[in-house]
Ligand code: BGP
């Protein structure tokens, strides 16, 4: 079997992590701009980033030479509507039109995320962002503007990037409430409003009869039970339900699952729902599921205060993270961890794809998957990232196994195309298959240098994923 002929091969980025030009041509400030300015003077911020805004043509040429047939990118809401819900900024529309035209002219299908963490600051100032119901209408209007302007050429739309991460990191939405219970509740309130925004964006898209597809982008950490102890198996399932499946369940079934409602109510953090919400959420089944897939985790029943019984979780060193009263995390001795504690588990990807497909039977795409590393530019002018090549090879092989097992896959688009600003570690934690010659404190010339992994991936694409060595 192997990869289907029409399979799309790409690489991914997001607007705030590469564009720069943070206040050019009318763009409004976003939550990610403000967050990056606050982080530290010595960590690169969004002001210049990778200067993709001015160098997109050069970047698209590198994509073409690589053989990419898709490119996962995002649109910055505040470039299109600077204050989030007012006037449309024609220069923002022009930029994305130019970029999309350049991609299409080079045979690259854009896969476009509508909201990838960079939220218009003005909406946080006006009414507190997605914690307010008002945001639903503003989000749907913004999506409509994108569909109207780019929908003739964009065939794959992704609604909200990693909604669960936004929910669990309320600061991404400007929520700095001190009381932890109220902060968590506000996080879940934004979650509910984003669920409605997602559903209405899908309905809006379908009303327009454009010839494309639309779906969510989930962060999909995949969990194994720490042992065969029944309590560990049950806990791993519960954590996965609350971290991953509750969101996909509402997208698929059009209704929040009972296990979510029970759990949030028990913890006193349940969101408010209006009588009309059930109807708003219904009938918006996505066309596909896009996955950001990086790691697997090991979970056992919570055992703080208990003596750790090594029969239950043999050989597994405990990790410094837990969910008090519920779960305990462990390290997996069979996988390697990078400096930031993310593990590499290609077999885990095979397992994850099978699980996601068997639960929803929707076609899948992997739109993020990659290895963060402190890459070094060698004296010979190249970046010898054989560790990344090994990583990609393992992932491609295992995706192929999942396809052989019957999983329907549309695309693979690893993170990231060029080096990007990491969400929290500046430029030092690099993911790109193209090196950007800059440091956190010195943007230098921002020269683009394809890494060794770029050339490996070029062959992989050429052979449609049939990689023998
Ligand atoms: C995902 C985000 C990306 C990217 C990636 C790597 O959660 O969608 O935007 O940042 O993670 O994360 P980090 O940059 O923190 O290593």
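The values are calculated or read from the model by the stated rules, or taken from the named source; none is laboratory data. Predicted, not measured: the structure shown is a model, and the values here were computed from it. Counting neighbours? That spans all protein chains shown, and the Cβs are built from the backbone with ideal geometry, glycine included.
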Can you name the number of the only condition in (1) in contact with a strand residue (DSSP E or B) (Cβ under 6 Å, 6 or more places away or on another chain); (2) within 30 Å of residue 156 (Cβ to Cβ); (3) without any contact (Cβ under 8 Å) to a residue 40 or more places away in the chain that residue 194 fails?
(3)
All but one of (1) part of a helix (DSSP H, G or I); (2) touching a strand residue (DSSP E or B) at 6+ places or on another chain (Cβ under 9 Å); (3) modelled with pLDDT under 95; (4) more than 16 Å from the ligand (Cβ to nearest atom) hold for residue 227, so report the exception by its number.
(1)
Does residue 175 fit the bill of being at pLDDT below 95, touching a strand residue (DSSP E or B) at 6+ places or on another chain (Cβ under 9 Å) and more than 23 Å from residue 276 (Cβ to Cβ)?
no
For region 10-51, the count of residues that are part of a helix (DSSP H, G or I) and within 14 Å of the ligand (Cβ to nearest atom) equals 9
Tell me the residue from 269, 233 that is part of a loop (DSSP other than H, G, I, E, B) and surrounded by fewer than 22 Cβ atoms within 10 Å (Cβ to Cβ), please.
269
Hey, can you tell me all the residues within region 285-321 that are within 19 Å of residue 238 (Cβ to Cβ), modelled with pLDDT of 75 or more and in a strand (DSSP E or B)?
296, 297, 298, 299, 300, 301
Name the one entry in 183, 206 that is surrounded by fewer than 17 Cβ atoms within 10 Å (Cβ to Cβ) and within 27 Å of residue 236 (Cβ to Cβ).
183
For the subset of region 90-135 comprising residues that are within 16 Å of the ligand (Cβ to nearest atom) and over 28 Å from residue 275 (Cα atoms), which member is surrounded by the most Cβ atoms within 10 Å (Cβ to Cβ)?
118
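For a quick check of your reading: which strands (runs of 3 or more DSSP E) sit entirely within region 350-455 and have at least 3 residues that are within 16 Å of the ligand (Cβ to nearest atom), under 23 Å from residue 156 (Cβ atoms) and under 19 Å from the mean Cα position of the chain (by Cα)?
Details: elements: 364-368, 409-412, 434-437, 447-450.
Once the strands (runs of 3 or more DSSP E) in region 350-455 are filtered for at least 3 residues that are within 16 Å of the ligand (Cβ to nearest atom), under 23 Å from residue 156 (Cβ atoms) and under 19 Å from the mean Cα position of the chain (by Cα), what remains is 364-368.
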Which of (1) closer than 26 Å to residue 88 by Cα; (2) away from the ligand (no atom under 16 Å from the Cβ) does residue 158 not meet, given it meets every other one?
(2)
Failed condition for residue 205, given (1) more than 26 Å from residue 265 (Cβ to Cβ); (2) in a strand (DSSP E or B); (3) touching a helix residue (DSSP H, G or I) at 6+ places or on another chain (Cβ under 7 Å):
(2)
Region 444-469: number of residues that are more than 12 Å from residue 67 (Cα to Cα) and without any contact (Cβ under 8 Å) to a residue 40 or more places away in the chain
5
Return the total of residues in region 44-56 being touching a helix residue (DSSP H, G or I) at 6+ places or on another chain (Cβ under 6 Å) and surrounded by fewer than 17 Cβ atoms within 10 Å (Cβ to Cβ).
0
Look at residue 222 and say whether it is crowded, with 24+ Cβ neighbours inside 10 Å, within 16 Å of the ligand (Cβ to nearest atom) and within 23 Å of the chain's Cα centre (by Cα).
no
Select, from 215, 197, 174, the only residue that is under 21 Å from the mean Cα position of the chain (by Cα), within 26 Å of residue 29 (Cβ to Cβ) and crowded, with 20+ Cβ neighbours inside 10 Å.
197
If I filter region 68-89 for residues that are out of contact with any strand residue (DSSP E or B) (no Cβ under 8 Å at 6 or more places or on another chain), surrounded by fewer than 24 Cβ atoms within 10 Å (Cβ to Cβ) and either part of a helix (DSSP H, G or I) or modelled with pLDDT under 95 (or both), do I get at least one hit?
no
